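*Asks:* The structure under discussion is supplied below as structure tokens; questions concerning it will follow.
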There are 4 protein chains.
Amino acid sequence: MRNVGIDIGGTKIAGGVVAEDGTILEQRRVPTPIDPSALADAVADMVAELTAVHDVRAVGVAAAGFIDASRSVILHAPNIDWREEPLRAELEARIGRPVTLENDANAAGWGEFRFGAGRGVRDMVMITLGTGVGGAVIIDGELLLGGNGTAAELGHIRFERGGRPCGCGQRGCLEQYASGRALQREAADIAASGGAGAGLAAARTSEGIVPAAAMARLIAEGDPGAIEAVHRVATALGEGCGAFQAVLDPQLFVIGGGVADLGERLLQPLRSAYATAVPGYGEHAVASFAIATLGNDAGLIGVADLAGSRAR
Amino acid sequence: MRNVGIDIGGTKIAGGVVAEDGTILEQRRVPTPIDPSALADAVADMVAELTAVHDVRAVGVAAAGFIDASRSVILHAPNIDWREEPLRAELEARIGRPVTLENDANAAGWGEFRFGAGRGVRDMVMITLGTGVGGAVIIDGELLLGGNGTAAELGHIRFERGGRPCGCGQRGCLEQYASGRALQREAADIAASGGAGAGLAAARTSEGIVPAAAMARLIAEGDPGAIEAVHRVATALGEGCGAFQAVLDPQLFVIGGGVADLGERLLQPLRSAYATAVPGYGEHAVASFAIATLGNDAGLIGVADLAGSRAR
Amino acid sequence: MRNVGIDIGGTKIAGGVVAEDGTILEQRRVPTPIDPSALADAVADMVAELTAVHDVRAVGVAAAGFIDASRSVILHAPNIDWREEPLRAELEARIGRPVTLENDANAAGWGEFRFGAGRGVRDMVMITLGTGVGGAVIIDGELLLGGNGTAAELGHIRFERGGRPCGCGQRGCLEQYASGRALQREAADIAASGGAGAGLAAARTSEGIVPAAAMARLIAEGDPGAIEAVHRVATALGEGCGAFQAVLDPQLFVIGGGVADLGERLLQPLRSAYATAVPGYGEHAVASFAIATLGNDAGLIGVADLAGSRAR
Amino acid sequence: MRNVGIDIGGTKIAGGVVAEDGTILEQRRVPTPIDPSALADAVADMVAELTAVHDVRAVGVAAAGFIDASRSVILHAPNIDWREEPLRAELEARIGRPVTLENDANAAGWGEFRFGAGRGVRDMVMITLGTGVGGAVIIDGELLLGGNGTAAELGHIRFERGGRPCGCGQRGCLEQYASGRALQREAADIAASGGAGAGLAAARTSEGIVPAAAMARLIAEGDPGAIEAVHRVATALGEGCGAFQAVLDPQLFVIGGGVADLGERLLQPLRSAYATAVPGYGEHAVASFAIATLGNDAGLIGVADLAGSRAR
């Protein structure tokens, strides 16, 4: 049976019809409207188009933000400025089919678990390194939602006591040390320090940003400043994964998002740092690490599959 | 249906027949033998005595240490010097009934979840503050075991980067800052610092230890050094609970073990520290805190109930 | 008996027919194709041309990267983006002769050992200072491969605790302090520091690089900044050689690669630093130092000879 | 065929007849004479007694110190104050059988490789943590002697630039950070620091030494100062093993000597530190770690077996 997945991002809405094996049969994209009700219309229109030619069981919608335990209400979606939005009921009325909401990081984690890097494991943690950090936890084949629907906020465990302030209101959150934005920050700090930062300094734009492509080139060239930046981010993430290991004991960590394109350049120092943060390292089995395989489609595919399974 | 629970501690073995409502119908205690095979004999004898007069479905055995994912083999029990001990098969052969093994912290957590402070919630974290830290996690009504059987090592998330070394081989583990031993250490440090530590210094034995009774007295008297020590431990634990909140989103934290006898003296600074470590604190529902209610019987009761449910 | 040696570099493939005394009888060069299968074609074509007119026993292929213990599979060749490439079987099928693979640094070391600076010794270490560091170890006349095929990673012993990050995922590796790239980095640091760095600063390009020719000129002129840069690199390498002495006790160190063109300018401070890092220096015989003599042909010659000896 | 092994220690000479399977058939012990010629007499007498009743092929003698490449001359044995001692010829004349000399650390390493923790591997490194550090390297089933007979001085690679002075004349040698004496030093430093060092301070003798038994008890009790001391030593050793991995690529590290009695308490932090010092950790196979199994007999057994194989 086919399902529709909709992934609401900060700049565009992506939607697709997803088969039971995770294949995308048809896909659409529109810009994300700024107005919330226009956004609901855009989602409904996209679902209408996709269901006109495909026989679809259920509709899943992924969005950034906190979602309540019943997967009905968006408690707070910072990027879209939603609060306590009963989106599920509104969409079900317009669409005439069961709708499920899910956090975008959970959707992507479920996609990788079912059809990507996580196939075949039962206990998995996915960490999506975009601008910030998205987390998803699979326990014994089930997505961890939490008692209030807000589990797997993996970017917000404390990495450094009294450390950098975070948008979540606390200090020292892992996200401030291990994310796309953190990589930019480390690159900027190193560029400013002179010496080894000359390559980064030369690649900086007038806004003080080192574009991802330039960063990738510098890393491939072995530029010491760029490698230092990656090492710092990977070390923070590896230590964080040690904490997730202690609490959750997954079989596999899947790393996704734009920063994961660094591949082994990221995973090597990450694994070393992880080994310094797992209790009793070497005494019992621990988790493996893999790069995500579904790319930007993970959320769309995952939320479609979740919708299908919740509609059963 | 009744079940037997056995709790193997460092100094004594406690066993009991437990009714379906968690009531202990009959209880025994013997010293823990040093020799592993004498220990298995002692457990088998105790079970034989308890089952002579009670109709029992299953037997649960709780012990400190890592237990494999099938709850059959003790991978490593430092206190009893067991490694790769296939205790379940050995006990089943001697006892003639289904046996289940469980980590003592998990057993206590399950006991509190089913019959103690955690009744009525679905998602709970229990932290047992003895000499070290024991952790148990209940997710949607199920005990979290982990992909390799070693989840919920809650005392071993990193609290301080590059901090105090831990018996687990790493540095800065929460257990080194929030446990009975950590409370002793903080008391010793404060005593050594003079000033506010005068009360603690006077109460110290020649081995440099402040006995628990003296500690309790000093706290009741409002001794500034003793209160400082409790505050440090509570702060560390509260920050750790912030991390567990971010990852697991429980409805309730239950605090047990000897240090939990401090009650609100512990919980008050703990909740404040927790509020500084939960992402988006105040924006969505978070967990409550409660002191455990079953005391030392939690493990025995919990493992009996687990044995019954696994034998079904 | 003659053998063919092929040296796959980042920009060109060099191949030659090598006599039993190490003489190159005929040589070819083509650009390195970007596509891996085109690369295998290019190697096979070059071998076909070379064997059309020479009677050849075996074919050796040298490439940068990790090679498995059986010298059959390239585990990871970063420059060519190969992973788990069963190149030996593929080439043997195309070429119809026994093929052996070898790491380029090992091939060059073997070449120098058999026909270059290392003739006549039994225990030798070769260090190739190109952009990075290549290492090869000869023990009692045999090339050291290691239990997993990855021995002699001499650029990756730790030189400085907590030091500069390395592309290998660790920190403080010798390669970050003693290599062509390290020489560039030291030159840039010295140029930025003003004073003695004026000569280097003037020679820098707009990308912040001091070209090798300018560097050589400045050294010949006795420019204090350029000499300081060489001294730093030589010191790091000498200290590293002290560690190799303690572990391996070679009779001879051979220094090759582009940086070795500095000759005694490099070896003099290197030997002094070595004397500060050898246990019991002056109490027992230690190793000598020599500059490599085969230049860029060392790898081609070495791998041809290795192929011949392995085919026996 | 049987062989005699003699292990000359600082305080006693141990000798034994060793069967081909490594079993000790008969054993003797006498105090080590201070005078060198009395020592040779004592060895000859012990061999005479042991060979009176056993049919013996060859005699191996193990002693601390540098031994020349032909295994004939003790170049320098600090504990016995020997220099350029042609001990082999002298003993062969007295004993009338082929004699081989070997460094005690090499002998112990060979013993473990043939009959202890290293059975079944081809490439192994043994590190003996006594007062100092002894090293032995097995490559492809052969003991590494080095070009001048002084290889495997594993305690003398540099751990810290500009660090603690070493008896070998250099600074920062690994032995100053990872050995029995280093453990004592760390314990003394921590005791002196107050606070967490109270347990160590209380256990110190009037000479400022924490006896091994007291150290073991404190570690078992989780004393924070004692655990800190072990962690420091294990970290240094783990980083050192990363360097040995990069150079030698062994399949197995065997840790012996008195400090190895700490078992997993030592190996856990050691493995974590090792993971931060191996190039490309996680990308290719690396070594395992094991505690030695032959105890104090390793040297005697190993040197007997070496003597037998060299006499063949």
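*Asks:* Which of (1) closer than 30 Å to C:Asp249 by Cβ; (2) surrounded by fewer than 16 Cβ atoms within 10 Å (Cβ to Cβ); (3) modelled with pLDDT of 95 or more; (4) not aromatic (Phe, Trp, Tyr) does D:Glu84 not meet, given it meets every other one?
*Replies:* Going through (1) closer than 30 Å to C:Asp249 by Cβ; (2) surrounded by fewer than 16 Cβ atoms within 10 Å (Cβ to Cβ); (3) modelled with pLDDT of 95 or more; (4) not aromatic (Phe, Trp, Tyr) one by one, D:Glu84 breaks only (3).
*Asks:* From the list C:Ala229, C:Ala260, C:Ala246, which one is under 30 Å from D:Asp68 (Cβ atoms) and buried (at least 18 other Cβ atoms within 10 Å of the Cβ)?
*Replies:* Going through C:Ala229, C:Ala260, C:Ala246 in turn, the sole match is C:Ala246.
*Asks:* Considering each of B:Ala151, B:Ala117 in turn, give the residue that is in a loop (DSSP other than H, G, I, E, B), within 25 Å of A:Phe159 (Cβ to Cβ) and either assigned by TED's automatic domain parsing to the domain that holds B:Ser288 or modelled with pLDDT of 95 or more (or both).
*Replies:* Every option except B:Ala151 fails the conditions.
*Asks:* Could you tell me whether segment C:57-68 includes any residue that is of a type outside the set (A, V, I, L, M), without any contact (Cβ under 8 Å) to a residue 40 or more places away in the chain and surrounded by fewer than 22 Cβ atoms within 10 Å (Cβ to Cβ)?
*Replies:* Within segment C:57-68 (the criterion being of a type outside the set (A, V, I, L, M), without any contact (Cβ under 8 Å) to a residue 40 or more places away in the chain and surrounded by fewer than 22 Cβ atoms within 10 Å (Cβ to Cβ)), the answer is yes, since at least one residue qualifies.
*Asks:* With the requirement that a residue be within 14 Å of chain B (Cβ to nearest Cβ), buried (at least 24 other Cβ atoms within 10 Å of the Cβ) and within 19 Å of A:Ser288 (Cα to Cα), what does segment A:96-125 give you?
*Replies:* Matches in segment A:96-125: A:Gly109, A:Phe113, A:Gly118, A:Asp123, A:Met124, A:Val125.
*Asks:* Show me the helices (runs of 4 or more DSSP H) entirely contained within segment D:198-312 in which 3 or more residues are on the phi < 0 side of the Ramachandran plot and under 20 Å from the mean Cα position of the chain (by Cα).
*Replies:* Output list reads D:224-248, D:264-275, D:298-311.
*Asks:* If a residue has to be of a type outside the set (A, V, I, L, M, F, W, C), touching a residue at least 60 places away in the same chain (Cβ under 8 Å) and within 13 Å of chain B (Cβ to nearest Cβ) to count, how many in segment A:218-275 make the cut?
*Replies:* 5
*Asks:* Let me ask you something else. Give the residues of segment B:83-136 that are among the charged types (D, E, K, R), in contact (Cβ under 8 Å) with a residue 12 or more places away in the chain and more than 14 Å from B:Ile67 (Cα to Cα), sorted by residue number.
*Replies:* Of everything in segment B:83-136, those that are among the charged types (D, E, K, R), in contact (Cβ under 8 Å) with a residue 12 or more places away in the chain and more than 14 Å from B:Ile67 (Cα to Cα) turn out to be B:Glu90, B:Arg94, B:Arg97, B:Glu112, B:Arg114, B:Arg122, B:Asp123.
*Asks:* Which of the numbered conditions does B:His76 fail, given that it passes all the others? Conditions: (1) buried (at least 17 other Cβ atoms within 10 Å of the Cβ); (2) in contact (Cβ under 8 Å) with a residue 12 or more places away in the chain; (3) under 30 Å from D:Ala220 (Cβ atoms).
*Replies:* Single failed check for B:His76: (2).
*Asks:* Residues A:Ala290, A:Ala311, A:Ala298: which one is buried (at least 24 other Cβ atoms within 10 Å of the Cβ), touching a residue at least 40 places away in the same chain (Cβ under 8 Å) and not aromatic (Phe, Trp, Tyr)?
*Replies:* A:Ala298
*Asks:* Separate question: Considering only residues of segment B:132-164 that are at the interface with another protein chain (Cβ under 7 Å from one of its Cβ atoms), more than 19 Å from A:Gln251 (Cα to Cα) and surrounded by fewer than 24 Cβ atoms within 10 Å (Cβ to Cβ), which is farthest from the chain's Cα centre (by Cα)?
*Replies:* B:Arg161
*Asks:* Please state which of the following conditions A:Val210 fails to meet, knowing it meets all the rest: (1) at pLDDT 95 or above; (2) surrounded by 24 or more Cβ atoms within 10 Å (Cβ to Cβ); (3) more than 23 Å from C:Gly172 (Cβ to Cβ).
*Replies:* (1)
*Asks:* Filter segment A:165-197 down to residues that are in a loop (DSSP other than H, G, I, E, B), within 13 Å of chain B (Cβ to nearest Cβ) and crowded, with 18+ Cβ neighbours inside 10 Å, then give me how many there are.
*Replies:* 5
*Asks:* From (1) in contact with a helix residue (DSSP H, G or I) (Cβ under 6 Å, 6 or more places away or on another chain); (2) under 30 Å from C:Gly194 (Cβ atoms), pick out the condition that doesn't hold for A:Asp189.
*Replies:* Against the list (1) in contact with a helix residue (DSSP H, G or I) (Cβ under 6 Å, 6 or more places away or on another chain); (2) under 30 Å from C:Gly194 (Cβ atoms), A:Asp189 comes up short only on (1).
*Asks:* May I ask you to list the residues in segment A:28-48 that are free of Cβ contacts under 8 Å to residues at least 24 places away in the same chain and in contact with a strand residue (DSSP E or B) (Cβ under 9 Å, 6 or more places away or on another chain)?
*Replies:* Matches in segment A:28-48: A:Arg28, A:Arg29, A:Val30, A:Pro31, A:Pro33, A:Asp45.
*Asks:* Residues of segment A:18-42 being outside any loop (DSSP other than H, G, I, E, B) and under 21 Å from the mean Cα position of the chain (by Cα), which ones?
*Replies:* The answer is A:Val18, A:Ile24, A:Gln27, A:Arg28, A:Arg29, A:Val30, A:Pro31.
*Asks:* Exactly one of (1) at pLDDT below 90; (2) touching a Ser or Thr at 6+ places or on another chain (Cβ under 8 Å); (3) surrounded by 22 or more Cβ atoms within 10 Å (Cβ to Cβ) is unmet by D:Pro224. Its number?
*Replies:* With (1) at pLDDT below 90; (2) touching a Ser or Thr at 6+ places or on another chain (Cβ under 8 Å); (3) surrounded by 22 or more Cβ atoms within 10 Å (Cβ to Cβ) applied to D:Pro224, the lone miss is (2).
The values are calculated or read from the model by the stated rules, or taken from the named source; none is laboratory data. None of these values were measured; they are calculated from a predicted model. For neighbour counting, all protein chains shown are included, and Cβ atoms are generated from backbone atoms with ideal geometry for every residue, glycine included.
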